[in-house]
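This report concerns only the one structure given below.
The values are calculated or read from the model by the stated rules, or taken from the named source; none is laboratory data. Owing to the predicted nature of the structure, the values given are computational and were not obtained by experimental measurement. So basically every Cβ, Gly included, is an ideal-geometry build from the backbone, and we count neighbours across all protein chains shown. Ligands, DNA and RNA are excluded from the accessible area calculation, which covers all protein heavy atoms including side chains. Shrake-Rupley method; radii C 1.70, N 1.55, O 1.52, S 1.80 Å.
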Amino acid sequence: MEKIPYDIILNIQRKVNIVDVIAEYLPLEQKGKNYFAICPFHDDHNPSMSISPEKQIYTCFVCGASGNVFNFVMNYEKVSFTKAVLMVAEKAGVNLNLKAENSEKKIDSSLEKYYKIFEIVNKFYQNNIKTTYGKKAVEYLNRRNLDDAVIKEFQIGLSFDDNSASKLLTSKGYSNEDLEKIGLCGVKDNFCYDIFRNRIMFPLSDLEGHVIGYSGRIYNGENDNKYVNSKESIIFKKGLLLYNYHRALKYAREKHQIIVVEGFMDVIRLYTIGIKNVVATMGTAITKEHADLIKKLSKNVVLCFDGDNAGQKATISALEALNKIGLDPKIIRLEENYDPDDYVINKGENNFLGHLNNPLSSLEFKMDVNKKNINFNDFVEISKYVNEMSKELEKITDKVVYELTIKKISKETNVDVDTIKALINTNIKEKKIVYEKPKVAIGNKYQKAEEFLVYYMLRSSEAIKLYQDNISYFSNRLLAKIAIQILEFYNKNNYINVTDFTIFLEDKTDLINEVLRIDKLNLPEELKIEQINDYIKTIEEGIVKEEIRNLKLKIKTESDITKKISYLEKLAKLKKECK
């Protein structure tokens, strides 16, 4: 990918607010002049990431992750620095006229042949449905209100009943073992046959849009199972994937919302009524990996699972998984046990949009679930309900919602408001966030002098010039690299600024983290030349002492008498300098 010039990157950074960008990914809470969030870069439970609107940087007080807006997007999205710049540029409305690589995530060369197999067979299935033999399949899809545009968009195809896919792939040199390994074919007595026969083929893709599996559906009144799905394979793992992720990414960012459904047909159906910010779990429970992917799409999540009891259980499970990573989804519950696909067909687009525009909060959903089978004439059951809801009320931080919900429960149960409040641990509602700062090893005075000099180099051209004129060596390799980069930045731009300097460092995460750690040292902002000179003298003293240590080691191990005498002379001279 083409490298983007520094001045253009800087211009993009100045057109966005890091708070707004991070808010697209994480729920933020303002505390004073800064914002705080659950850190996504370690297993965080209390908001430990601070975002500074003033400096346009973020820092985690626990794991030390830090950087500018591009570093956040790069590390969160797991993309290159250049790709992150392109993504932020799009948010800023800046057109760079640069094209990203077709796939940011390179395909493992050892797996490349499997992706190629699916690429070939996918084109084959798509071609089949366009033939005379595909006419009945197309008619079936049209009756289901899936037109040609939808068929093309989702690459829907058709498998024949003649092992033609196996014949095609083996003719191209692919082994029976490979075809069986990825679940496209079966092998018996060395004969390769199609797993998917006479079915409408719905391709399943990975996060980048590569086809890696199928769900095949009967369409002509056959007595077989309605669906046959690909088995999990070396490239297809349901727990790591969300159906339609690669398409939904753009629309979720535009709408600032992601809708999560259970089945791929639900996704396709919602597409037909213009709802494109939607993904599916493909019938599996939401895993930690699913939850992380959903969080990347949007912090505003709407769960719309099937309307039956199984859908209710799946919703409860999904809520637990998403709550663990700091998300509080809204809920749609469809009446008459409908799934979204059937609901839109039978109840219509407007009724579905009515649900979408008025979803339940997670609290309302839990109240509905908990009181669903409660006999309000039974005191024991009422007690159970109130105790269960008190656990949910402990989590509420909005005082208005807290009071209204208590009053609602009181009215439903005839239990006094004060009695309900007595059950609730209000300390949880008002608890203060405690930040555990990362432990930093206390260095010796020579390393401290290097750190303090870098601190002032990040603020003052005078400190940079004193470094340039007097220092040739830092004992700390990381600080040495930072000092050299500061000098390069200053010589190119004739100024120094911490945020701009982190942008200059691009994807050098180790340097950026150290720069921002040093930037937070509790030192006077005012620069005193005498103090800088003291740091320089201390650093020089450290250099001499390190040379003395090295010479002593050489003298101890050297067998050549001439060299040993030379080392002793150098040692005497250095000791004199040190005094």
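For the chain, the longest principal axis of the Cα atoms and the long axis of helix 529-557 meet at an angle of about 90 degrees.
Shape class of region 133-246 from the alpha-carbon gyration tensor: oblate, with a/c at 1.5 or above and b/c at least as large as a/b. Fully extending the segment from N387 to A480 would add 27.5 nm, taking 0.36 nm per residue of separation and subtracting the current Cα-Cα distance. Taking label positions 7 Å along the Cα-Cβ direction at both D416 and K136, the computed distance is 7.3 nm, reported to one decimal. The Cα center of region 37-84 and the Cα center of region 235-294 differ in position by 25 Å.
With respect to the chain, whose longest principal axis is taken over its alpha-carbon atoms, helix 362-371 is tilted by about 50°. Going by a ≥ b ≥ c, the root eigenvalues of the Cα gyration tensor, does region 289-433 fall in the rounded group (a/c under 1.5), the prolate group (a/b larger than b/c) or the oblate group? Oblate. Beyond 30 Å in Cα-Cα separation lie the following of the pairs K3/K528; K136/K276; K250/K330; K31/K445: K3/K528; K31/K445.
Accessible area per residue (1.4 Å probe, heavy atoms of protein chains only) ranks H256, H45 as H45, H256, with the largest value leading.
In terms of its C-alpha gyration tensor, the chain comes out oblate, because a/c is 1.5 or above while a/b does not outweigh b/c. Packing, as the average of other Cβ atoms within 10 Å across residues, places the peptides 87-95, 336-344, 297-305 in the order 297-305, 336-344, 87-95, highest first. Share of carbon and sulfur in the accessible area of region 1-149 stands at 48%, probe radius 1.4 Å. Counting 0.36 nm for each residue step from N533 to K563 and taking away their Cα separation leaves a gain of 7.2 nm. Kindly provide the GluC sites (Glu not before Pro) of region 200-309 that DSSP labels as loop, not H, G, I, E or B, and whose Cβ sees at most 15 other Cβ atoms within 10 Å. When the GluC sites (Glu not before Pro) of region 200-309 are filtered for loop state and at most 15 Cβ neighbours within 10 Å, E208, E222, E232 remain.
When +1 charges are put on Lys and Arg Cβ atoms and -1 charges on Asp and Glu Cβ atoms, the dipole computed for the chain relative to its Cα centre reaches about 1380 debye. Put the Cα centre of region 135-214 next to the Cα centre of region 301-360 and the gap is 30 Å. Dividing the summed helix terms, -39500 (n - 2.57) for each DSSP H run of n ≥ 4, by the number of residues in the chain produces a 222 nm estimate of -16000 deg cm²/dmol to the nearest 500.
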